[in-house]
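What follows draws every value from the coordinates through simple rules; no lab data is involved. No experiment lies behind these values; they were computed from the predicted model shown. Here the Cβ positions follow ideal geometry from the backbone for every residue, glycine too, while neighbour counts run over all protein chains shown.
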Amino acid sequence: MSRLSSHYFEHDADIGIIGRGTTVEQAFEAAAQAVFAIITHLDTVQPTTVITIEFEETDLDFALVTWLNQLLGKAREQGMVFSRFHVQHFGSKWHAEALGEKWRAGLEQGTEVKGATLTMLSVKQIGPEWEARCIVDV
C-alpha cells in the first residue's frame, strides 16, 4: 500500500507590480511599464511599431490581468518588446496601443515575465490616485 504525502516549498518566482496614475487608464499604462521594465530597460526601446489590443471586461481587476496578459502574448507572438502604452475604456470596452520594437542586438534582456496572475490583484482609487497591482509570474 502506498502512502501519499503533500508538501510545500518556498520560491522567488514572482514579482509584485504596481501602476499608479490620476486615471484608471494611466494606472494600467504604468502597470504595463512596470511589467516591461522587468524584461528590459525601457529607455532603450524604440517605439517604432504600434500594436492594438481590444477586449471587453466589466470588472477592473480582471481587465488589468487581461490587459497585461494580452500585452505579453503579443510580445511573444511577434518577438517584440514594448515601452509606451495608451489605454482607453468606455464601459466594458477597452482599447489600447502598445508601442515598441522587435528584439534586436543592443536590447538588454532582463527577466522573462510569463504572465499576470490573480494573486494580490487590486484596482482601486486611493484618494486622487488610481492604483493597479498584481503579482506577475517570472
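Here is how the numbers come out for the structure above:
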quantity: Calculated FRET value between residue 18 and residue 74, using beta carbons and R₀ = 22 Å, to 0.05; calculated: 0.50
quantity: Dipole magnitude of the chain about its Cα centre (Cβ charges: Lys, Arg +1; Asp, Glu -1), debye to nearest 20; calculated: 200 debye
quantity: Within the stretch 84-138, trypsin sites (Lys or Arg not before Pro) in DSSP loop having at most 15 other beta-carbon neighbours inside 10 Å; calculated: 104, 114
quantity: Integer Hz, Karplus 6.51/-1.76/1.60 couplings in order for the stretch 25-31, x for Gly and Pro; calculated: 4, 5, 5, 5, 4, 5, 5
quantity: Relative contact order [Cα under 8 Å, 6+ residues apart], the stretch 1-107, whole percent; calculated: 29 percent
quantity: Within-13-Å neighbourhood charge of residue 138 [Cβ basis; K, R +1; D, E -1]; calculated: -3
quantity: Over the chain, volume per residue of the alpha carbon convex hull, in Å³; calculated: 154 Å³
quantity: DSSP-assigned coil residues among GluC sites (Glu not before Pro) in the stretch 70-138, each with at most 11 further Cβ atoms within 10 Å; calculated: 108, 112
quantity: Sites excluded, chymotrypsin sites (Phe, Trp or Tyr not before Pro) in DSSP loops with at most 11 other C-beta within 10 Å, longest stretch of the chain; calculated: 10-138
quantity: Set of aspartates and glutamates with alpha-carbon distance to residue 74 below 18 Å, sequence-local pairs under 8 removed; calculated: 29, 54, 56, 97, 101, 112, 137
